[in-house]
Amino acid sequence: MFSSRDVDKTVRGRKCDSMAGLRRIIEQRNQDEIFFQSGLDSNGNRVKIQVTNPGSEALNPAFDVTPAKYIKGIITEKGIISADAESIKKLFE
């Protein structure tokens, strides 16, 4: 779900092109979140197992920057809105 707190209000009133997202610093999370899963074994003990090939590498971004042309709607804490400037602006009224 998209929270209205996640809106970058610094771009308000300016045209946002696809390069705007490339200037953002995207946090890279630990790749172990991808490599390992945990669960219960047959004795009820919690175990952590590797689900990738040993020696693999992974990128694990905390979020991505999706081009606007691929977004048709946004699910927010206030309901589903259209992915246009007017609908987003109404979130803050």
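The values are calculated or read from the model by the stated rules, or taken from the named source; none is laboratory data. This structure is a prediction, so every number in the text was calculated from the model and none was measured. Glycine also receives a Cβ, built like all others from the backbone with ideal geometry; neighbour counts cover every protein chain displayed.
Applying the condition of being out of contact with any Ser or Thr (no Cβ under 9 Å at 6 or more places or on another chain) and in contact (Cβ under 8 Å) with a residue 12 or more places away in the chain to the stretch 67-86 and asking which residue is farthest from Asn30 (Cα to Cα) yields Ala83. Please go through the stretch 49-93 and give me each residue that is part of a loop (DSSP other than H, G, I, E, B), among the β-branched types (Val, Ile, Thr) and in contact with a strand residue (DSSP E or B) (Cβ under 9 Å, 6 or more places away or on another chain), ordered by number. Passing the criteria: Val51, Thr52.
Does Ser42 fit the bill of being at pLDDT 85 or above, part of a loop (DSSP other than H, G, I, E, B) and exposed (fewer than 10 other Cβ atoms within 10 Å of the Cβ)? Judged against the criteria, Ser42 is a match.
When Ile81, Ile88, Ile49, Ile74 are checked against the criterion of being surrounded by 10 or more Cβ atoms within 10 Å (Cβ to Cβ), at pLDDT 95 or above and at negative phi, a single residue qualifies: Ile49.
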